[in-house]
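What follows is a set of notes on a single structure, which appears directly below.
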Amino acid sequence: MSYTRLSFIEREEISRQVCLGLSIRTVANTINRSPSTVSREINANVAYREYYRAVHGQQRAKYIRRKKRRMRRLDQNHELRAIVMQYIFKKWSPQQIANRLKVLYPENMDMHISHEAIYSYIYILPRGELRRNLTLALRKKHTHRRTKKPVGQTKPGAVQEFLSIEERPKEVADRIIPGHWEGDLIIGTRNNSALGVLVERTTRMTFLVKLANQDAITVRKAFVEEFKELPTGLRKTLTYDQGREMAQHKIFTEQTEMNVYFAHPKSPWERGTNENTNGLLRQYFPKGTDFNKISKNHLKEVQDEFNDRPRKTLNWLTPHEKFTELLR
């Protein structure tokens, strides 16, 4: 049975009976309400039960209802609401949206809104299709934080004669010079499919690579194909984990002129940019995705949308904007 608010007549009865010194349970039985409802009503209005009065309780209830019905900024500004909704459905976070609006409308304060206000607007909506779709578009859909695990990590020892991350040039760690990449696979359902992910450390530009298989030859050919269109200056190094799919790293280096450096086993923080990117991509490809059923055209559509999301680390510019500056 759904809850209905106390009426003024019910509040009068509560007031009359508490003045007679009757118990909360007796009052609740008289008006056919639960004892907790009566107790909350009294405690919300007075410190001592015998001082409760129906008029004051009714006035307070009306004030709270008016406050809840107050027009929120996104209800008042339809243009702002349309833009916010558009970006949410593009899987931008409220923080990305709020800061991107400052970039797009630096002088127009009517088009500025805090990310807290966006979250508040979403979760104040009544339960229904709109609220469900908006919350599903947010990055974190769970009610509690889940422990992060390395994605698609394979057993060490499959790669031979490799360059350790300890030998990688210092400029890579500094993120000052572009052209240094991190790579990984996102594994699909039952380990039967995979998606290749290549991300540039300075601009966070990300390439999604369609893979017919997870073997070393397939991965090497697919990654080479992805890199060959880039200028030589943007093909410096690739940092990878010790997954067996990169066993042909020497041939890859010959074909791309990119040295491959391998992180230590079970050390995902050494490829932090890639790990974070994989987490963001799970919005588009949740666990259980069969990548064999996803076309290359769809992957590129997601890639474009993903690279057009503003990033805090880029001062709310997008990876595509930063990467395009390098190509000029």
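Read-outs throughout are calculated quantities, based only on the coordinates presented, and are distinct from any laboratory measurement. A quick note: this is a predicted structure, and the numbers were derived from the prediction, not measured. Counting neighbours? That spans all protein chains shown, and the Cβs are built from the backbone with ideal geometry, glycine included.
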Radius of gyration and Dmax for segment 184-307's Cα atoms, expressed in Å?
-> 13.7, 38
What's the local net charge at V224, with K and R +1, D and E -1, over the other residues with C-beta under 12 Å away?
-> -1
Given segment 276-328 reduced to its alpha-carbon atoms as identical point scatterers, what log10 I(q)/I(0) does the Debye formula return at q = 0.14, 0.15 Å⁻¹?
-> -0.45, -0.51
What is the magnitude of the charge dipole of the chain about its Cα centre, with +1 placed on the Cβ of each Lys and Arg, -1 on the Cβ of each Asp and Glu, and no other charges, expressed in debye to the nearest 20?
-> 1980 debye
Which one of G272, Y48, L163 is farthest out on the positive end of the charge dipole of the chain, using unit charges on Cβ (Lys, Arg +1; Asp, Glu -1) and the Cα centre as origin?
-> Y48
Multiply the residue separation of D75 and D110 by 0.36 nm, subtract the distance between their alpha-carbon atoms, and state the gained length in nm to one decimal.
-> 11.3 nm
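Which net charge results for the neighbourhood of C19, defined as the other residues with beta-carbon distances under 12 angstrom from its beta-carbon, given Lys and Arg at +1 and Asp and Glu at -1? Write out the running numbers ahead of the final one.
On the way: positive: R16, R49, R53; negative: E12, E13, E50.
Every neighbour counted, the sum reads 0.
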With contacts defined as alpha carbon pairs under 8 Å and 6 or more residues apart, what's the relative contact order of the chain in percent?
-> 15 percent
Length-normalised contact order of segment 238-328, Cα under 8 Å, at least 6 apart, in percent, tallies to 17 percent
Between segment 240-306 and segment 1-65, the Cα center-to-center distance that results, in Å = 61 Å
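Take each of the peptides 204-215, 279-290, average the number of other beta-carbon atoms within 10 Å over its residues, and list them starting from the highest. Each step should come with its number before you reach the end.
Working: 204-215: 19.6, 279-290: 14.3.
Descending packing order for the listed peptides: 204-215, 279-290.
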Identify, among F8, F207, G183, the residue whose Cα sits farthest towards the positive end of the charge dipole of the chain, taking +1 on the Cβ of Lys and Arg and -1 on the Cβ of Asp and Glu, with the dipole about the Cα centre.
-> F8
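Taking the Cα centre of segment 187-328 as origin, sum charge times position over the Cβ atoms of Lys and Arg (+1) and Asp and Glu (-1), and report the length of that vector in debye to the nearest 20. Display every interim value, and only then the final one.
Numbers: 23 positive and 18 negative charges, 51 e Å.
My answer is approximately 240 debye.
Counting pairs of alpha carbon atoms under 8 Å apart in space and at least six apart in sequence, what relative contact order in percent does segment 176-231 give?
Details: 79 pairs, mean separation 14.5, N = 56.
Across segment 176-231, relative contact order equals 26 percent.
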Can you give the percent of C-alpha pairs in the chain whose distance is more than 35 Å?
-> 43 percent
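When the helices in the chain are scored as -39500 (n - 2.57) per DSSP H run of 4 or longer and the sum is shared across all residues, what 222 nm value do you end up with, to the nearest 500 deg cm²/dmol?
On the way: 15 runs with 146 residues, N = 328.
Using -39500 (n - 2.57) per qualifying helix, the result is -13000 deg cm²/dmol.
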Can you tell which of Q86, Y63, V38 lies farthest toward the positive end of the dipole of segment 11-94, using +1 and -1 charges on the Cβ of basic and acidic side chains (Lys, Arg; Asp, Glu)?
-> Q86
If you project the alpha carbons of segment 1-42 onto their three principal axes, what span does each projection cover, largest first, in Å?
-> 30, 18, 16
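From the gyration tensor of the Cα coordinates in segment 1-110, what semi-axes in whole Å does the equivalent ellipsoid have, largest first, with each one equal to sqrt(5λ)?
On the way: eigenvalues 438, 42, 27 Å².
Largest first, segment 1-110 gives 47, 15, 12 Å.
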Stretch gain in nm, segment K300-V224, where the contour uses 0.36 nm per residue and the Cα spacing is subtracted = 25.7 nm
